[in-house]
Every structure is written in C-alpha cells, then in structure tokens.
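The values are calculated or read from the model by the stated rules, or taken from the named source; none is laboratory data. As the structure is a prediction and not an experimental result, all values here were calculated from the model. Ideal geometry is used to build each Cβ from the backbone, glycine not excepted, and the neighbour counts take in all protein chains shown. In case anyone asks, the SASA skips ligands and DNA or RNA and just uses the protein heavy atoms, side chains included. Shrake-Rupley method; radii C 1.70, N 1.55, O 1.52, S 1.80 Å.
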Amino acid sequence: MPYVEGQTIHDADSHVMELPGAIIPYVEARHREAFAEKTAKKNTLVEWSAKAQALHDDPEFRAGDEANLLLRKNFQALGAFRNADRPKALDLLGFASQLVFTTAALGNYGLEEMGEVELAVAGARAHNRMMTDFCSVDRRLLATGYVTLADIERAPEIAREAIEMGCKGLIIPSRHPPHHSPSHAGLDPLWAVAQEAGVPILFHVGGEEKMHEAYLENGGPRVLDFHGGAENFTSLTFMAIPLSVWQTLSALVIDGVFDRFPRLKFGAIELGASWLPSLMRFMDSGAAAFGKEERLQRLSARPSEILRRQLRVTPYPHEDTAWIIANSGPEMCLFSSDFPHVEGGRNPLKRFNDALEGASDAAKRSFYRDNFIDLMGKGLDPALHDHPALMAAE
C-alpha cells in the first residue's frame, strides 16, 4: 500500500545519497585528478561504500523495503544511491513526481569560495551528468542541474547543456559569487535560457553562506549536530539558513531580474519559510523608504507582489505552515519530504497535514499539487500533473 493514496502530491525535495567518489567518473578526464584532490575532504564516509552496498544486496534486509520505507534513512533507504531501486521507492511513496537533489555536492564542494573557477565549472557539469544519469530510470524523477555563477560568460552555456541533458530545474547557490552580485546584468543570458526552456531557478540549503565560526566559540564545549558531528546544523547555526537567500532574492527583485524575466519561476528548497512573510513586508517597506531610486520606480509592482508572482518555497514540517500561507499567499508554499534524509522525519505527510489544520481545501491542494506544477512549468511533463492511479479511476 503506498504511503500516499487518494490524492496527487508532488515532492519538491528529495535526494540521492551518492557513495564517496560517485561524481568522479562524471568529471572530464583533464580535470579529474585536480578535482579529486580538491574535494577529497568531502569524501569522509568511504567506509560506507562497501557497507551500504552489501546491506542492499542482503535478501533479508530487502524483504523489509516496504515496512521500513520511511524508517530507514540516508544510505539505508530504498533507492538512496542505486537508481534501479528508486522507482520502487517512488511507487511505495505514492508521489506523482520528485525533484531530486544531490547530497554531497550541494555547495559544489566549496570550489567557488576557493577561487577554483575552472574546477567549479567542471564540478557543475559533472554534477549535471551524474544527476541526469541517476534520474534517467523513471520520468517521475526530476533531475536538478547546478549552474555556477562564478563564471558569468559560461553560466548560460552550463544551463543550456544541463537542460539538453534532461535537467528539469537549475540550482544556483543562495550566497553571492566571489566578485559580483547574483543580479549582475551579465547573467541575463542565463535567466533567458531558463525562461525560454520553462524550467525554474532553484536555491537549496547547502549553498548559503555559513555562520561565522566566531559565534561558535562561546566559552563552553562545542555543540554537535543531531548526527553527532559538526557538519550539519545546530539550533544556533540553523538561524543563519535564510540570510543568504533573503539577500539574494532582494537583489534579484530590486535590481529588476524578476521583472526582466517575468515568466521565470524561482524556488527556495529546504531553506524553511517562516522568514518569507517578513521578507515580503521588509522589501515593501524598503521600497517605500527609498522610493526615489530609479530602479525601484521601474519595478512592475510592489516587491511582495513580484515575489508572489514568481517565488515558491518549501516550509520545514516543524514550521507553522498555515500561518506562513496566511501571511504570504496561497500560491507560494510547496510540500517536500526530504527523502531519504533524516531531517524529513518518519511521517512528513502527517506533520504537514497537522501544520495545515484550518487551511482551506483549495490552499491544501495548492500546497500539495498546484504550486509545484506552477513552479516546474515545462520541466514537469503534463502527463505527470496528476497521479496515474487517480487519472485511471476517473
């Protein structure tokens, strides 16, 4: 029995759990050695490679695929790293489609911050080959491609190549590139490629600027994350998640990128959404306070209205989703499972249903189905708009 029955739900956030070094074969040969050297510190789970594969080869373990669908997380989850298993996982989940993101390469291995522009470009292209390969087994799996903004001239070329490969959305980091704004006019050809193709520009957690290390030196013992390490978020570093996307969205709206490309949709994925109503109102107040600026006078509408037109976001299941919708707009929020990451929890559907208590049926339908269809545009085959089981029942 599928986890979701009787309704169409699109999943705006899922992941592949790449085994260590999985991206290396996709890197161009001329860059492979340097890329492997620069990213070696990111491959710290080498012991998992043999262990995870052996586990998924065990018939006794595989007998529990359905019963443990949302209990097994990360490398233990069905379809976490073997794409041949992912369609079965999607069948059991019952989602009409899934946006699929990397896990290991969310920040392009920090190559842009290192100033390694050539390797950043090589990493983006390798990522896109890896993701389209993983998702090629099922049209419900929607591959995301990465575009580095560090090289203005090559950004549209990388985007075009990713779309031709089969990527259904394009990820850019929410932090700014080292030497220019994400709203730089030289990036207009990138936005034009995405708008013409009808695919969204996506931000995902992992591509933001991190909280400065000084904040972590509080005179006490170092606080570890809930995995027991220091790689992920704690209650303090969690607070910095929306800061970069707040700044980047502000620049893109105020500098007119949204208006120059009014059919281009943007999605903020796994970055939470409690900040969204405040951003909308703060931008409106800023536009009113600095209304004499020529760029503000050229805007087609208030910043909040522009965001409502073109931005979609995924709340965390622990946030008050109904409040966010009520204070931003019913067209802005999306369901996400974060499968197979631990952060997604064991019952995301229940948590969001509880968080949507009091919302109208129309708002719930928008949250689970309509807003995702709007975000994805041509990136989502119209045949996937509704779950096949529901269409067959009509």
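Here Asp57, Asp85, Asp65 are screened, and the one residue that is more than 26 Å from Ala268 (Cα to Cα), among the charged types (D, E, K, R) and surrounded by fewer than 16 Cβ atoms within 10 Å (Cβ to Cβ) is Asp57.
Just so you know, in the range 167-191 the residues that are more than 20 Å from Leu106 (Cβ to Cβ) and not hydrophobic (A, V, I, L, M, F, W, C) include one that is surrounded by the fewest Cβ atoms within 10 Å (Cβ to Cβ), and it is His179.
Going by the conditions given, is Phe233 under 21 Å from Phe203 (Cα atoms), within 17 Å of the chain's Cα centre (by Cα) and in a helix (DSSP H, G or I)? Taking the combined requirement at face value, the residue does not satisfy it.
Within the range 239-283, the set of residues being part of a loop (DSSP other than H, G, I, E, B) and within 13 Å of Phe203 (Cβ to Cβ) comprises Lys265, Glu270, Leu271, Gly272, Ala273, Trp275. In the range 307-332, which residue that is buried (at least 21 other Cβ atoms within 10 Å of the Cβ) and in contact with a Pro (Cβ under 6 Å, 6 or more places away or on another chain) is farthest from Phe352 (Cα to Cα)? In this case the residue turns out to be Ser328.
Among the numbered conditions (1) part of a helix (DSSP H, G or I); (2) open to solvent by 10 Å² or more (accessible area, probe 1.4 Å), the only one that Leu19 does not meet is (1). In this structure, Glu113 does satisfy being at pLDDT below 95 and open to solvent by 40 Å² or more (accessible area, probe 1.4 Å). Cβ-Cβ contacts under 6 Å between residues 6 or more apart (or on different chains), taken from a first residue in the range 332-354 that is more than 18 Å from Arg365 (Cβ to Cβ) to a second residue that is among the β-branched types (Val, Ile, Thr) and modelled with pLDDT under 95, are absent. Would you point out the residue of the range 335-361, among those that are among the polar types (S, T, N, Q) and out of contact with any Asp or Glu (no Cβ under 7 Å at 6 or more places or on another chain), that is nearest to Leu90 (Cα to Cα)? Ranking the qualifying residues of the range 335-361, first place goes to Asn347.
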